[in-house]
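Here's the structure, in structure tokens; my notes come after.
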Amino acid sequence: MAMETDPRTPRPGLEHDSASVRLRAALAIGTDPDPAQVGPLVERCAQEPDFSVREMLTWALTRHPASVTVPLLVDEVRTGGAQARSQALHTLSKIGDRRAWPVITPALWSDPDEEVARSAWRAAVALVPEGEEGALAVGLATQFGRGERETQLSLSRALIALGEATVPVLADARTAADPRVRAHALATERLRRDPDAGFDFSVEEAKRVVALGGAGEEE
């Protein structure tokens, strides 16, 4: 008599040495969702080195009921390592279930790992309850001036996505004592007003204005 397969065992391929095989395995799970595979998908996200495979793992998780995926992803955010938390936050932002909102804490916004912090910013914007956008904008603004181009652009995009709630926060940050904060806030304001200007141009213009002692135009 054939031995039964443990339903919690990942489908063949998720642990394969070849990224293309792992990619196809994740695609297969997403195409034919099986709640028993949610745990193995989440576990794989925590260690998968290939970006394309991680994106497919996230897609496969979004194909399953949020009632199954969200609790496991929230646990990853609370207890996992840096990659586990970052990928879980990314996946929660794609699922968009606001039951996950309580796990998006200020500690995550300021996490020392920049990938975790950036994922937390995006997840926060995706999951913020209606009416709390202003408080979120104030919280995210504490990260102005952090990191290099990609990190600063991520924060700017997150704040811009909050809409009008960001306007007073930008006005305050443009007068901050720290020149990096002022420049980042001014670049964000320029990008908010003119998305076609590009972030690099906005940053250079902001640095020029700050160097001259200005804070940018008022609303």
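Using DSSP to define loop residues, name the GluC sites (Glu not before Pro) in region 140-184 whose beta-carbon has at most 14 other beta-carbon atoms within 10 Å. Each step should come with its number before you reach the end.
On the way: sites: GLU148, GLU150, GLU164; in loops: GLU148.
Loop-located and lightly packed - GLU148.
Dividing the convex hull volume of the alpha-carbon atoms in region 104-201 by its residue count gives 89 Å³ per residue. Using the Cβ-Cβ distance between THR62 and ASP17 with R0 set to 22 Å, the FRET efficiency from 1/(1 + (r/R0)^6) comes to roughly 0.25. Applying the Karplus relation 6.51 cos²θ - 1.76 cosθ + 1.60 with θ = phi - 60° to region 123-130 yields 3J(HN,Hα) values of 5, 4, 5, 6, 10, 4, x, 4 Hz, where x marks Gly and Pro. How much FRET efficiency would the formula 1/(1 + (r/R0)^6) give for THR31 and ARG180, where r is the Cβ-Cβ distance and R0 is 41 Å, rounded to 0.05? Here the calculated transfer efficiency is 0.35. Residue-wise HN-Hα couplings along region 134-147, as the Karplus relation 6.51 cos²θ - 1.76 cosθ + 1.60 with θ = phi - 60° gives them from phi, are x, 5, 5, 4, 4, x, 5, 5, 5, 9, 4, x, 7, x Hz; Gly and Pro carry x.
Here the simple spin-label model places points 7 Å from the Cα toward Cβ, and for ASP113 and ARG78 these points are separated by 1.8 nm. Fewest-first ordering of TRP109, TRP121, TRP101 by other beta carbons within 10 Å of each residue's beta carbon gives TRP101, TRP109, TRP121.
Fewest-first ordering of THR105, THR166, THR175 by other beta carbons within 10 Å of each residue's beta carbon gives THR175, THR105, THR166. If you model region 29-79 as an ellipsoid using its alpha carbon gyration tensor, with each semi-axis the square root of five times an eigenvalue, the axes come out at 15, 15, 8 Å, biggest first.
We did not get these values from a lab; they are worked out from the coordinates using the rules stated. Quantities reported herein were computed from a predicted structural model and do not represent experimental measurements. Note: ideal-geometry Cβ built from the backbone for every residue, glycine included; neighbour counts use all protein chains shown.
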